[in-house]
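Undergrad: Would you mind keeping the following structure in view while I ask a few things?
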Amino acid sequence: MPDKILPVLTIDGPSGSGKGTVSRMVAETLGWHLLDSGALYRAVGFAAGMEGLDLSDSEAVTRCAQTTKIAFHDPGDGSETRVIVNGMDATDELRTETCGAAASAIAAIAGVRAALFDKQRAFRKAPGLVADGRDMGTVIFPDAGVKVFLTASAEERAKRRHKQLKEKGLGVTLAALLREIQARDVRDAGRAVAPLKPAADATVIDSTGMPVERVVAAVLELVRKGRD
Ligand code: DC
């Protein structure tokens, strides 16, 4: 069983469910690699924007996904991983709502998902991988030993995002964020290719009202049990 040699923990869920933070903390605790698959989709959305492509032009955006060079650079000083897109540090741009919306749009293109398939699988390295995304347990690593589907109410996710943006000095209203999150949920869950849904063998954790430490502890417990 490949999983015995190279264990994978998949953490899927909608935006704002806390899976980015939880995945990072779990990967740090276990000393495993981390795949932030959303950053790959954001990077393609960003590159397509830089090229001035029409995001509904599937062929052009697929070509862009096939040719865009995406690299993750860990500064090694505890500060956040930088994402380099075609040689340019795009870390800050990738986090914007504009890039998130572009990522969500291009993620619906089958050719884009196919172009990113091998790139994502290549993250599976010793001693193990925490894979954060939407289809990690269903499509990319269906043989993962432990699968988590992390969710939270749309209101809670909008509140979390609002707090983050306020801390960064960005003014967006809570109502606008809630509308955007609900629209993205519908788009991500309703698309024909790799829709957002829990894998049949995933453990669903609803983090509404749960401190992040408790979610991390629950995930680590699942990994521990999976090893028994
Ligand atoms: O997790 P995130 O918000 O950074 O992801 C940005 C978009 O990319 C999200 O709207 C859906 C898409 N995505 C995807 O379709 N599949 C993944 N594995 C990760 C992200």
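The values are calculated or read from the model by the stated rules, or taken from the named source; none is laboratory data. Because the structure is predicted, anything quoted here is derived from the model rather than measured. When we count neighbours, we look across all protein chains shown, and the Cβ atoms used for this are built from the backbone with ideal geometry, even at glycine. The protein model used for the area step is the full one, side chains on, heavy atoms only, and it has no ligands, DNA or RNA in it. Shrake-Rupley method; radii C 1.70, N 1.55, O 1.52, S 1.80 Å.
Undergrad: Can you give me the ranges of the helices (runs of 4 or more DSSP H) entirely in the range 141-228 with at least 1 residues that are buried (at least 17 other Cβ atoms within 10 Å of the Cβ) and modelled with pLDDT under 95?
TA: In the range 141-228, the matching helices (runs of 4 or more DSSP H) lie at 154-167, 174-190.
Undergrad: If the requirement is being closer than 15 Å to LEU129 by Cβ and either open to solvent by 30 Å² or more (accessible area, probe 1.4 Å) or hydrophobic (A, V, I, L, M, F, W, C) (or both), which of these qualifies: LEU53, LEU35?
TA: Details: LEU53 fails: closer than 15 Å to LEU129 by Cβ.
Exactly one residue qualifies, and that residue is LEU35.
Undergrad: Can I ask one more? Output the qualifying pairs, or none if there are none: Cβ atoms under 8 angstrom, residues six or more apart or on different chains, first residue in the range 132-150 and under 22 Å from ALA114 (Cβ atoms), second residue away from the ligand (no atom under 13 Å from the Cβ) and assigned to a helix (DSSP H, G or I).
TA: Listed by first residue and then by second, the contacts come to ASP143/PRO2; ASP143/ASP3; ALA144/ASP3.
Undergrad: Sticking with this structure for a sec: Scan the range 33-59 residue by residue and report those that are within 18 Å of the chain's Cα centre (by Cα) and not in a helix (DSSP H, G or I).
TA: HIS33, LEU34, LEU35, ASP36 - these are the residues of the range 33-59 that are within 18 Å of the chain's Cα centre (by Cα) and not in a helix (DSSP H, G or I).
Undergrad: Which residues, taken from the range 38-50, are more than 13 Å from the ligand (Cβ to nearest atom), open to solvent by 10 Å² or more (accessible area, probe 1.4 Å) and either of a type in the set (A, V, I, L, M, F, W, C) or in contact with a strand residue (DSSP E or B) (Cβ under 7 Å, 6 or more places away or on another chain) (or both)?
TA: MET50, the sole residue that qualifies.
Undergrad: Further question: Go through the residues of the range 114-133 one by one and say whether even a single one is touching a helix residue (DSSP H, G or I) at 6+ places or on another chain (Cβ under 9 Å) and closer than 12 Å to GLY16 by Cα.
TA: Yes: one or more hits.
Undergrad: Within the range 2-25, take every residue that is crowded, with 24+ Cβ neighbours inside 10 Å and assigned to a helix (DSSP H, G or I) and give me the one that is nearest to the ligand (Cβ to nearest atom).
TA: In this case the residue turns out to be LYS19.
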